[in-house]
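The values are calculated or read from the model by the stated rules, or taken from the named source; none is laboratory data. Being a predicted model, the structure only gives us computed values, none of them experimental. Here the Cβ is made from the backbone with ideal geometry for all residues, glycine too, and neighbour counts use every protein chain on show. Calculation scope for accessible area: heavy atoms of the full protein, side chains included, ligands and nucleic acids excluded. Shrake-Rupley method; radii C 1.70, N 1.55, O 1.52, S 1.80 Å.
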Amino acid sequence: MQTIWLTGAEWLAVLRIGLGLWWLESWRHKDKKGWFERGTGIAWAADVAAKHRWSVVQGGFAAVVTPRPKAMAYVVVYAELALGLGLTVGLLTPIALVGGLLLNLLYLVLMIHDWAEQGQNAMMALISLVGLFAMSWQTWSLDAAFGIFV
C-alpha cells in the first residue's frame, strides 16, 4: 500500500486514535451529575424508546433499562470512557472496537428518527469495523508494545 506521509498501519492507528478521542468527547460532554443524580440521560432515552416505531426496542428497553436506570446510567457513561481510553492508547483494542461497534449499533437503532445521530453512529460503527478487520492495534498501541493480539 502506498500512502503519503505515514504508512498504512500508521494511518489505521490515526483512525483508531481519532475514534477513541471521539468516544472520550462523548464521555466528556455528558452532564454526569444529571445522568447519575437526576437520571436525565436514561429518562431521555426512555422517552425516545417509548415513542420508537419498533416494539422490540420498546420492549427491550422496558426489560433491560427501566428496572435499573441508575446502574444503566453508569454503564453507558463509563462504557464510553473505557472505549475512549482503550482505543486512544490501544489497550485491548479488538475488544474495545467490538464493544464500540455494538454500542454504536444500539444507539443507531434507538435513535432511528434522528438523522444527526444516525450519521455519527454509522460513521463510528464503520470506523470500528475498519479498525477491527485491518487490525489497527499493530501500530502505536499498548497492545503492540505488550505483544497482545499479534
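Residues being in a helix (DSSP H, G or I) and either among the β-branched types (Val, Ile, Thr) or within 16 Å of Tyr107 (Cα to Cα) (or both): count how many of those fall in region 1-18. Before the answer, list the steps.
From region 1-18, those in a helix (DSSP H, G or I) are 8-18; that's our starting set.
Checking which are either among the β-branched types (Val, Ile, Thr) or within 16 Å of Tyr107 (Cα to Cα) (or both) leaves us with 14, 17.
Final tally of qualifying residues: 2.
Tell me which residues, restricted to region 123-134, are touching a residue at least 40 places away in the same chain (Cβ under 8 Å) and either open to solvent by 40 Å² or more (accessible area, probe 1.4 Å) or in a helix (DSSP H, G or I) (or both). Within region 123-134, Met124, Ile127, Ser128, Val130, Gly131 qualify.
Is it the case that Ile42 is more than 30 Å from Met135 (Cα to Cα) and of a type in the set (Val, Ile, Thr)? I'd like the intermediate steps shown before the answer.
Values: more than 30 Å from Met135 (Cα to Cα): yes; of a type in the set (Val, Ile, Thr): yes.
In short, yes.
If we keep just the residues of region 4-13 that are touching a residue at least 40 places away in the same chain (Cβ under 8 Å) and closer than 17 Å to Thr88 by Cα, which is surrounded by the most Cβ atoms within 10 Å (Cβ to Cβ)? If we take residues in region 4-13 being touching a residue at least 40 places away in the same chain (Cβ under 8 Å) and closer than 17 Å to Thr88 by Cα, then Ala13 is surrounded by the most Cβ atoms within 10 Å (Cβ to Cβ).
Go through the residues of region 142-149 one by one and say whether even a single one is among the aromatic types (Phe, Trp, Tyr) and under 11 Å from Arg16 (Cα atoms). Outline the logic, then answer.
Step one: filter region 142-149 for residues among the aromatic types (Phe, Trp, Tyr), giving 146, 149.
Narrowing further to those that are under 11 Å from Arg16 (Cα atoms): none.
No: region 142-149 contains no residue that is among the aromatic types (Phe, Trp, Tyr) and under 11 Å from Arg16 (Cα atoms).
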